[in-house]
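Here is the structure we will look at.
The values are calculated or read from the model by the stated rules, or taken from the named source; none is laboratory data. Being a predicted model, the structure only gives us computed values, none of them experimental. Positions of Cβ are backbone-derived with ideal geometry, glycine not excepted, and every protein chain shown enters the neighbour counts. Heads up: the accessible areas ignore ligands, DNA and RNA and are worked out on the full protein's heavy atoms, side chains in. Shrake-Rupley method; radii C 1.70, N 1.55, O 1.52, S 1.80 Å.
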Amino acid sequence: MWGGRFAGGPSAVMQQINASIPVDKRLWREDIAGSKAHAAMLRDRAILSNEDAAAILDGLDSIAAEFERDGVPERLELEDIHMTVESRLAELVGPAAGRLHTARSRNDQVATDFKLWVRRACAEAEAAAAALQHTLVGRAGEHADAIMPGFTHLQVAQPVTLGHHLLAYVEMLGRDRSRLSDALRRMDECPLGAAALAGTGFPVDRHATASALGFAGPTANSLDSVSDRDFALDYLSAAAQCSLHLSRLAEELIVWASPPFGFVSLSDQWSTGSSIMPQKRNPDGAELVRGHSGRILGLLTGLMVTMKGLPLAYSKDMQDDKAPVFEVHDLLMLSLAAMTGMVETTRFRTDRMRAAAVNGFSTATDLADWLVREAGVPFREAHHITGRAVRAAEDRGCDLWDLPLDVLRNIDPRIDQRVYGVLTVEASVASRTSYGGTAPERVREQVARWQALLG
């Protein structure tokens, strides 16, 4: 491949460390698409004869059929997917194959191939996140009235509805999808035609190749075109944020599935057993999703560290850009599919959830709010009064609404019989009617809103 510059070949170790075909063979569809667009442009600009262009285009179609049928051969001496395609093309069409690389370099070729692949990965992740949203919205609609404890510091805070809780993850995934969409918009420029780093002297039409490959237009600076891997980091960043959200949901399912909570029962499809303890029912699907998040974060960090010190333009370090992106894609898509299946099949133990909300003095804030609203007590004072009421209930081993009125009035004489109307968990969630609140009517509104958005 190196022509007359080198008298000898690389050592076996150099050949092994230098070859990327075991990894970048996944780019074969993009490489052939880019080569076809380039060949057609060279023909249209009279840089390539019609006869040679026809032979090249037919040959590329034949290679695509071979790779689809048999897979991509891994010949280390050919280094990468680009030379693998070019070598096979030469076998099929002869010397005309050598004209395909006119006015391009592997530098702009790999940037184009990789960007095409990452664009597809973004679209696939966005669609998978939308599918999980659909599932969550459906389950939220089923449980718009189901009461559960809302937690802060993993301590019972205020009662909420299960539907409201599930919709929180719908919002997170909505932001994840917006980040993927934003990344797609930023990577909508085609590097092909930037050549090695300085552009080319051939009269190429970069707008034509960009359009043929589905880009909005060509990149504007040839140096940046071959140096840029922001599109890969954008994808990894969005994927990492999405994986964090999946990990949080997985963690909640893991905690909720534990016997002390007993809030959910995961289906057999998403649980495993123990090799020694026959009673065990392990939430391994959720645990693996949680574990995948750590791997994704590490892969993002790894590529950022690789890129942080590279001068313009292309350096061989950048050959290591594809492996982390491919791995993240596989992990993220698997995690999204697994979480969708878990949410769809999980049985929510709403009786246990309500009991936990009842037992945790979760309506204490409602007492404080009642004192502010009905008795004109400043909130900070109402907070202290409510704290004393909670202590009294603890001492008696009862709930707030079971405290006798004389006990409450002894704490503060401004409390009257009306207070019992706000101390049940049902009254508490029903009162949270502000936009985005947990009241069942608000939850149903948000379910309808998301159903309309998701289509």
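What does the extension gain come out to for GLN16 and GLU142, with contour length at 0.36 nm per residue minus their alpha carbon separation?
Details: separation 126, 0.36 × 126 = 45.36 nm, distance 5.60 nm.
Gain on stretching GLN16 to GLU142: 39.8 nm.
List the relative contact order of the range 380-455 as a percent without decimals, with contacts defined as Cα pairs under 8 Å and 6+ residues apart.
It comes to 15 percent, rounded to a whole number.
Using the Cα centre of the chain as the reference point, and only Cβ charges (+1 on K/R, -1 on D/E), how large is the resulting charge dipole? Debye, rounded to the nearest 20.
It works out to roughly 660 debye.
Which net charge results when you count Lys and Arg as +1 and Asp and Glu as -1 among the other residues whose beta-carbon is under 14 Å from that of VAL422?
Once positives and negatives cancel, what remains is -3.
What accessible area per residue, rounded to a whole number of Å², is obtained for the range 214-347 using a probe radius of 1.4 Å?
Per-residue value: 45 Å².
Enumerate by residue number the GluC sites (Glu not before Pro) in the range 45-152 meeting two conditions: DSSP loop (anything except H, G, I, E, B), and at most 14 other Cβ atoms within 10 Å of the site's Cβ.
GLU74
Work out from phi, with θ = phi - 60° and the Karplus expression 6.51 cos²θ - 1.76 cosθ + 1.60, the ³J(HN,Hα) of each residue of the range 18-34, listed in order in whole Hz, and give x for Gly and Pro.
For the range 18-34, the Karplus curve yields 7, 7, 10, 4, x, 9, 7, 4, 5, 8, 5, 5, 5, 5, 5, 4, x Hz.
Excluding ligands, DNA and RNA, what is the solvent-accessible area per residue of the range 93-193 at a probe of 1.4 Å, expressed in Å²?
Result: 35 Å² of accessible area for each residue.
Using a cut-off of under 12 Å, list every residue of the range 372-398 whose amide N is near the label point 7 Å from the Cα of ARG414 along the Cα-to-beta-carbon line.
Correct set: 372-386.
From the helices alone, meaning DSSP H stretches of at least four residues, give me the mean residue ellipticity at 222 nm for the chain, per-run term -39500 (n - 2.57), in deg cm²/dmol to the nearest 500.
Numbers: 18 runs with 282 residues, N = 455.
Per the formula, -20500 deg cm²/dmol.
Enumerate by residue number the chymotrypsin sites (Phe, Trp or Tyr not before Pro) in the range 221-304 meeting two conditions: DSSP loop (anything except H, G, I, E, B), and at most 16 other Cβ atoms within 10 Å of the site's Cβ.
Taking the range 221-304 and a limit of 16 other Cβ atoms within 10 Å, the loop chymotrypsin sites (Phe, Trp or Tyr not before Pro) found are PHE261.
Quote the relative contact order of the range 162-253 in percent (integer), defining contacts as alpha-carbon pairs under 8 Å separated by 6+ residues.
35
Let me know the longest stretch in the chain that avoids all trypsin sites (Lys or Arg not before Pro) found in a DSSP loop with at most 16 other C-beta atoms within 10 Å.
Longest stretch, sites excluded: 76-279.
Report, in listed order, any pair from LYS25/LYS308; LYS36/LYS322; LYS25/LYS115 with a Cα-Cα distance greater than 18 Å.
The pairs that break the limit, which is 18 Å between Cα atoms, are LYS25/LYS308; LYS36/LYS322.
Tell me, what ³J(HN,Hα) does each residue in the range 144-158 have, in order and in whole Hz, if you take phi through Karplus 6.51 cos²θ - 1.76 cosθ + 1.60 with θ = phi - 60° and put x for Gly and Pro?
For the range 144-158, the Karplus-derived couplings read 5, 9, 6, 9, 9, x, x, 10, 10, 6, 6, 10, 4, 10, 9 Hz, x marking Gly and Pro.
Using Cα pairs closer than 8 Å and at least 6 residues apart in sequence, work out the relative contact order for the chain, in percent.
Relative contact order here is 17 percent.
Specify whether the C-alpha gyration tensor of the range 220-376 places it in the rounded, prolate or oblate class, a ≥ b ≥ c being the square roots of the eigenvalues: rounded for a/c under 1.5, otherwise prolate if a/b is larger than b/c and oblate if not.
oblate
Of the heavy-atom accessible surface of the chain (probe 1.4 angstrom), what whole percent is carbon and sulfur?
About 53 percent, which is the carbon plus sulfur part of the accessible surface.
Given ILE56, THR102, ILE147, which one lies farthest toward the positive end of the charge dipole of the range 21-165, if we put +1 on the Cβ of every Lys and Arg and -1 on the Cβ of every Asp and Glu?
Farthest towards the positive end: ILE147.
How big is the antiparallel share of DSSP beta bridges in the chain, given as a percent to the nearest 5?
80
Is the chain best put as rounded, prolate or oblate by its Cα gyration tensor, with a ≥ b ≥ c the root eigenvalues, rounded for a/c under 1.5, and otherwise prolate when a/b is larger than b/c, oblate when not?
It comes out prolate by the Cα gyration axes.
From the residues VAL289, LEU312, MET333, which one has its Cα farthest along the dipole of the range 285-335 in the positive direction, the dipole being from +1 and -1 charges on Cβ of Lys/Arg and Asp/Glu about the Cα centre?
Going by the Cα projections, it comes out as LEU312.
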